[in-house]
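Q: Would you mind keeping the following structure in view while I ask a few things?
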Amino acid sequence: NGLPSVSNPYVFNGDFVDRGKNSMEILMILFLHGKKILQVLEDIYTWLPIGTIIDNEILVIHGGISESTDLNLLHHIERNKLKSVLMPPIPIDGDHATEKGNKVGTTITARGIRTNGSLSEQLTKHEWEQVIDILWSDPRGKRGCYPNTGRGGGCYFGPDITSKILNKYQLKMLIRSHECKPEGYEICHDGKVITVFSASNYYEEGSNRGAYIRVSSGSPPRFFQYQVTRATCLRPLYQRYVYSEEIFELWY
């Protein structure tokens, strides 16, 4: 597919770290780091988009959706206010906003613990829930939307929820990641949901393939699978891309 450029963009769909070796090296390549890299990386994370829409047809998000997913709200969330989703932005000392000045007491916010802050500087709990669903939800074959007990956040969503949200926003497909798949990708919900997972050998060498998707306007998505080995690791990056796509052409 060639190297990333202005005319050949890539969408990196989350889990940049903690999915194998060389996590920091991957981030450095993605962000072309400079001084104070930790602070820079933290700031960059707060500005990364949590979703992408391709050609007004394909929604790309990391985890999934829920029955209440609101893309318009997510689009207008002040993303830089959200550094962590570990705790919801709610008061912890019993104080509530006063009518005068809209002030609060000590509060758990997306940035940590804030004292005497303004509610205008925080995400609302509803906004926080929307982000949690986008990042942590998983598709299932069962209809409906129910708590994601396996992860402790987000939901499990069925094919009816997929159809509802896609129809609401006049979209055709959802591409997400978040789950390791033996072949590097998996299609479900009548072809409307694709899971793509790019880290091969996730559990151990040979445990799974990695994959990426090439999306072209007016054409169905094309899947490219690979299995990283010591031999392929010795190839330069560009040669690895060319090799994997040549193999794909031979197979298909």
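The values are calculated or read from the model by the stated rules, or taken from the named source; none is laboratory data. Please read these numbers as outputs of a predicted model, since none were measured by experiment. Reconstructed Cβ throughout: ideal geometry from the backbone, glycine too, with neighbour counts over all protein chains shown.
Q: With a cut-off of at least 1 residues that are modelled with pLDDT under 75, name the strands (runs of 3 or more DSSP E) lying wholly within segment 52-115.
A: Numbers: elements: 52-54, 58-60, 107-109, 112-114.
Because the criterion is at least 1 residues that are modelled with pLDDT under 75, the strands (runs of 3 or more DSSP E) in segment 52-115 that meet it are 107-109, 112-114.
Q: A further question follows. Could you please give the count of residues in segment 56-86 that are free of Cβ contacts under 8 Å to residues at least 60 places away in the same chain, within 27 Å of R140 (Cβ to Cβ) and among the acidic types (D, E)?
A: Residues in segment 56-86 being free of Cβ contacts under 8 Å to residues at least 60 places away in the same chain, within 27 Å of R140 (Cβ to Cβ) and among the acidic types (D, E): 0 in total.
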